Amino acid sequence: QVQLVESGGGLVQAGGSLRLSCAASGGTVSMYTMGWFRQAPGEERDFVSAISSTTHYAGSVVGRFVISRDNAKNTVYLQMNKLKPEDTAVYYCAAAKYDRRVGTPNEYGFWGQGTQVTVSS
């Protein structure tokens with residue numbers, strides 16, 4: 001049973017940066033497809049980025065966000081740059097056993113509790 005704990009969220013001004021971390025236990029991040037999703041109030045949970053043998057990004061974050069993985073620390077990161085108010089959401093880390101349909105939340109069997117990111121204008 002993989003357990004995921006996110007950290008690094010907070011309040012930042014537009015144009016600023018944050019780095020989210022997702023620490024895993026009970027499983028090795030290199031053996032899973034690791035994804036980041038976000039959910040704003042009243043909205044669906046949207047795909048942000050994923051890392052498996054390659055990296056994947058939603059169109060809205062390409063060129064601004066970078067996903068990475070530190071196998072030694074068993075942690076996945078999401079570096080978020082040039083943040084915009086529309087990036088405001090709760091960000092969730094997730095793990096999937098298979099490298100398929102990485103943008104689909106239902107493919108992920110393990111989720112963290114989420115971390116709030118708020119970007120002020």
Mind putting a number on the dipole of the range 77-116 about its Cα centre? Charges go on the C-beta only, +1 for Lys and Arg and -1 for Asp and Glu, and I need it in Debye to the nearest 20. 80
How about Lys97: which lysines have a C-alpha closer than 18 Å to its C-alpha, ignoring those fewer than 8 places off in the same chain? none
Using 0.36 nm per residue of separation minus the Cα-Cα distance, give me the extension gain between Glu86 and Glu44 in nm, one decimal. 13.7 nm
Cα-based Rg / Dmax (Å) for the range 62-121: 13.1, 38
Exposed GluC sites (Glu not before Pro) absent - longest run of the chain, DSSP non-H/G/I/E/B, at most 16 other C-beta within 10 Å: 45-121
Assigned charges on the beta-carbon of Lys, Arg, Asp, Glu; the chain dipole about Cα centre (debye): 240
Label-point separation in nm, Gln3 to Asp99, each point 7 Å along Cα→Cβ: 2.9
With a 1.4 Å probe and every protein chain left in place, work out the accessible area per residue of the chain in Å², rounded to a whole number. 51
Give the relative contact order (percent, whole number) for the range 1-83; include only Cα pairs under 8 Å separated by 6+ residues. 34
Regarding the chain, what are the three Cα extents along the principal axes, ordered largest first, in Å? 39, 27, 25
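The values are calculated or read from the model by the stated rules, or taken from the named source; none is laboratory data. Treat the numbers as computed from the prediction; the structure is a model and nothing was measured. All Cβ positions, glycine included, derive from the backbone under ideal geometry; neighbour counts span all protein chains shown. Note: accessible area is taken over every heavy atom of the protein model, side chains too, but ligands, DNA and RNA are not part of it. Shrake-Rupley method; radii C 1.70, N 1.55, O 1.52, S 1.80 Å.
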